[in-house]
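The block underneath contains the structure these notes are about, expressed in structure tokens.
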Amino acid sequence: MKWNWEELANGIVLQAVKDYRASRRRARKRKTAREARMRIREVEMFFRSRWFCQLTDIDGEKLLEQLKEEPICEWRRI
């Protein structure tokens, strides 16, 4: 069985986007805000990391900018 590394890399990036969105939603709730803010920082660091650049040609800063501009109420659970 051959691994499709590009699909794996895309899956990692997509999961980071999902985690970021979910954490922003959770950050609005008092009980989960602290953990959510920590996760947000972790994902932001990932988007700015060398590893992210190795996984994809996407500009991590631009992606982060777009995610921050998204209204939280428009997100659907995927």
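The values are calculated or read from the model by the stated rules, or taken from the named source; none is laboratory data. All figures in this text were calculated on a predicted structure; none of them were measured in a lab. Counting neighbours? That spans all protein chains shown, and the Cβs are built from the backbone with ideal geometry, glycine included. Keep in mind that these areas ignore ligands, DNA and RNA; they rest on the heavy atoms of the full protein, side chains included. Shrake-Rupley method; radii C 1.70, N 1.55, O 1.52, S 1.80 Å.
Values computed for the structure shown
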{"item": "Relative packing of peptides 41-47, 8-14 - highest average C-beta neighbours within 10 Å first", "result": "41-47, 8-14"}
{"item": "Extension gain from E70 to K29, taking 0.36 nm per residue of separation minus the Cα-Cα distance", "result": "13.0 nm"}
{"item": "Percent of Cα-Cα distances greater than 21 Å, calculated over the chain", "result": "31 percent"}
{"item": "Where labels lie 7 Å past Cα in the beta-carbon direction, separation of Q54 and L8 in nm", "result": "1.2 nm"}
{"item": "K29, K18, K68, reordered so the largest accessible area comes first (probe 1.4 Å)", "result": "K29, K68, K18"}
{"item": "Crossing angle, helix 33-47 versus the chain [Cα axis fit, 0-90 degrees, rounded to tens]", "result": "30 degrees"}
